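The values are calculated or read from the model by the stated rules, or taken from the named source; none is laboratory data. Here the structure is a predicted model, which is why all the values come from computation and not from measurement. Note that each Cβ is placed from the backbone with ideal geometry, even for glycine, and that neighbours are counted across all protein chains shown. Ligands, DNA and RNA are stripped out before the accessible areas are found, and what is left, the full protein with its side chains, is counted by its heavy atoms. Shrake-Rupley method; radii C 1.70, N 1.55, O 1.52, S 1.80 Å.
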Amino acid sequence: EQWTQELRLASTAPGPVRWLVGAYYSNADRNYNQRLPTPGYDFYTDARFGAGTSAAVDNGFGLIDNPYHADLPYNDTQLAIFGEGSVDLTDRTTVTLGGRYYDFNEERSFHSGGLFSNDDNRTDETSSSGFSPRLLLSYDLSDDIILNAQVSEGFRLGGTNDPLNLILCSPADAATFGGFPSYGDETSVNHEIGFKYSHAGLTFNGAAFYDSIHNLQVSADAGSCSSRVVFNVANAHTIGLEAELSAMPIEGLELSLAGSLVESQFGSSLV
């Protein structure tokens with residue numbers, strides 16, 4: 001369930017200056033449950049480990065024949081204030097400057113039970129705030145060609161990993177994947193230059209970009225632990241080219257072709 005509100009105020013008067021400001025708020029609740037129904041589990045567990053064992057490791061759920069179960073309710077709230085302004089420096093040159101202030105808060109509970117669980121019952125909170133800027137320069141080379149250059153920053157909230165199912169982990173996997181109880185925010189800075197051409201029904205757009213990523217969030221299977229963990233790679237980058245060509249040779253028929261060439265690399269590793 002999500003409740004979202006957004007308010008925007010923008011200029012409409014003609015002239016060399018245009019602006020937009022706004023505010024955004026969202027509140028989301030997510031109820032996520034895990035169950036592993038297994039007929040005969042209670043009988044086998046009590047016969048193998050002693051009477052009452054299946055109930056003792058249930059951790060208050062009151063479930064029958066379920067070797068692993070968990071409830072993971074989330075609450076996410078986000079507040080943002082944003083704005084952008086454009087100024088025509090000349091008849092052909094426009095500069096745009098914008099930014100977004102964000103404030104995130106996530107609260108998550110983790111309650112698990114069953115023979116294959118750690119009998120966890122915990123609540124974690126993650127919060128972060130910051131500012132993401134954007135700068136765009138546009139130049140009309142002619143009536144048909146527009147050149148642009150842009151620098152912008154992106155953001156992704158960090159969080160808390162689910163506890164490993166230690167009862168299933170081999171000692172080596174517990175040591176390898178047990179050192180990531182949480183993961184940090186991911187940020188990126190994108191640099192891009194491009195052009196837009198349009199004439200007589202023919203459109204051709206292209207761009208070259210370089211995206212530098214700090215604390216890239218990577219998800220991995222935790223080996224024998226039957227879990228997944230998210231961890232941060234300190235440095236990574238993506239560089240590439242993209243282009244799109246479209247034409248309308250006759251009325252009612254449009255042909256288009258698009259493609260990209262991308263190279264992505266980690267700039268650091270985990271030991």
Residues of the range 128-147 classified as out of contact with any His (no Cβ under 6 Å at 6 or more places or on another chain), of a type in the set (D, E, K, R) and in contact (Cβ under 8 Å) with a residue 24 or more places away in the chain, total: 2
Failed condition for V151, given (1) without any contact (Cβ under 8 Å) to a residue 40 or more places away in the chain; (2) out of contact with any Phe, Trp or Tyr (no Cβ under 9 Å at 6 or more places or on another chain); (3) open to solvent by 40 Å² or more (accessible area, probe 1.4 Å); (4) in a strand (DSSP E or B): (1)
Index of the failed condition, G50 passing every other in (1) open to solvent by less than 30 Å² (accessible area, probe 1.4 Å); (2) within 33 Å of the chain's Cα centre (by Cα): (2)
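Just name the residue that is least open to solvent (accessible area, probe 1.4 Å) out of those in the range 178-197 that are in contact with a strand residue (DSSP E or B) (Cβ under 6 Å, 6 or more places away or on another chain) and not in a strand (DSSP E or B).
Looking only at the range 178-197, we keep the residues that are in contact with a strand residue (DSSP E or B) (Cβ under 6 Å, 6 or more places away or on another chain), and these are 180, 182-197.
From what is left, the residues that are not in a strand (DSSP E or B) are 180, 184-185.
Values: F180: 58, G184: 27, D185: 47 Å².
Filtering the range 178-197 for residues that are in contact with a strand residue (DSSP E or B) (Cβ under 6 Å, 6 or more places away or on another chain) and not in a strand (DSSP E or B), the one least open to solvent (accessible area, probe 1.4 Å) comes out as G184.
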Strands (runs of 3 or more DSSP E) lying entirely in the range 1-89 (those with 3 or more residues that are of a type in the set (G, A, S) and in contact (Cβ under 8 Å) with a residue 12 or more places away in the chain): 17-35, 69-88
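With at pLDDT below 95 and either part of a strand (DSSP E or B) or loosely packed, with under 14 Cβ neighbours inside 10 Å (or both) as the only criterion, which of A175, A208 stands out? I'd like the intermediate steps shown before the answer.
Values: A208 fails: at pLDDT below 95.
The unique qualifying residue is A175.
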Residue among L216, L261, L257 that is surrounded by 11 or more Cβ atoms within 10 Å (Cβ to Cβ) and assigned to a strand (DSSP E or B): L216
Residue, most open to solvent (accessible area, probe 1.4 Å), within the range 90-132, restricted to residues that are on the phi < 0 side of the Ramachandran plot and not in a strand (DSSP E or B): D91
